[in-house]
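Throughout, read-outs are computed from the coordinates displayed, never taken from laboratory work. Treat the numbers as computed from the prediction; the structure is a model and nothing was measured. Here the Cβ positions follow ideal geometry from the backbone for every residue, glycine too, while neighbour counts run over all protein chains shown.
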Amino acid sequence: MERSDEAREATMSPLDPLRLKTKRLMELLDQTPSEETYDDWIEKIQHLLNEREAFIAAHSNLLAGANQAVIQELVADSRQIDLKLSAETAKLGVQISQLRQTQSSRKSYVDPYEDVDNSFSPYFDSRQ
């Protein structure tokens with residue numbers, strides 16, 4: 001059993017932690033969270049993005065000497081992540097617009113005369 005572990009360690013790339021974080025991030029982005037778990041989902045994504053960024057910053061020398069196939073895989077995955085994050089951002093923008101429209105509609109139904117000056121009246125009595 002030790003030999004297989006040693007063989008696996010010998011074939012492991014120093015960029016495997018980055019590849020695993022990238023894979024996990026893509027899996028998370030493929031999920032559709034419920035409204036109750038959305039905040040946790042976003043926090044996990046942000047955490048993984050931060051971990052990837054820190055790994056890249058700390059191991060930039062590994063990227064320079066890495067196998068080109070691995071680099072191309074990471075670049076392709078990063079593009080997919082970027083597209084998925086852009087789609088999520090656009091979806092959030094639409095939801096925010098809808099909430100603002102709903103909020104302004106509710107406000108106008110609560111007090112439709114809010115913007116009208118209260119002292120104006122066609123029956124204003126000057127003796128008051």
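The figures follow:
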| item | result |
| --- | --- |
| Two-site FRET efficiency, L83 against L20, from Cβ-Cβ distance with R₀ of 25 Å, rounded to 0.05 | 0.75 |
| Quarter of the Cα convex hull surface for segment 43-86, i.e. its orientation-mean projected area (nm²) | 3.2 nm² |
| Modelled FRET efficiency - R0 25 Å, A76 with I42, Cβ distances, 0.05 increments | 0.55 |
| Segments 80-92, 28-40 sorted - mean Cβ within 10 Å per residue, highest first | 80-92, 28-40 |
| Förster radius 22 Å - calculated FRET efficiency between T32 and Q103 (Cβ-Cβ, nearest 0.05) | 0.30 |
